[in-house]
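These notes concern the structure reproduced below.
Taken together, the values in this text are just the output of simple stated rules run on the coordinates, not laboratory data. Note that the structure is a prediction, hence the values are computed from the model and not measured. Neighbour counts run over all protein chains shown; Cβ positions are idealised from the backbone, glycine included.
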Amino acid sequence: MKFIALAQEYNEVIEQPLLRSSDTVNSYMSDYKHFLNHLAKEEDMDPQAVTLDDIDRKVIRRYRQHMKDSESAPRTINQRIAALKSIFK
């Protein structure tokens with residue numbers, strides 16, 4: 001399954017009342033877009049074609065390192081990684 005389709009499907013589920021607030025859903029979508037931009041720019045991947053099989057621990061580690069190198073706040077890094085982890089549950 002393509003990552004972008006899964007992210008959209010996941011967000012439709014968590015938008016249901018009592019699962020996540022609309023702020024959380026919007027935050028997750030923003031985090032997914034940030035990750036897809038990273039894949040396009042740093043990993044030379046087509047965001048529209050990325051599948052879950054394309055995303056392994058090495059990709060996530062490089063993403064985390066890229067955010068550290070970009071001087072993202074630790075809280076921001078953790079939030080973005082948590083958003084990705086939520087998809088893989």
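Each residue of segment 29-37 was assigned a 3J(HN,Hα) from its phi angle through the Karplus curve 6.51 cos²θ - 1.76 cosθ + 1.60 (θ = phi - 60°); the sequence is 4, 4, 5, 5, 5, 4, 5, 5, 5 Hz, with glycine and proline shown as x. Length gained on full extension, Lys2 to Asp53, computed as 0.36 nm times the residue gap minus the Cα-Cα distance: 17.5 nm.
Quick one: net charge around Asp54, please, counting Lys, Arg +1 and Asp, Glu -1 for every other residue with C-beta under 14 Å from its C-beta. Its environment carries a net charge of -2.
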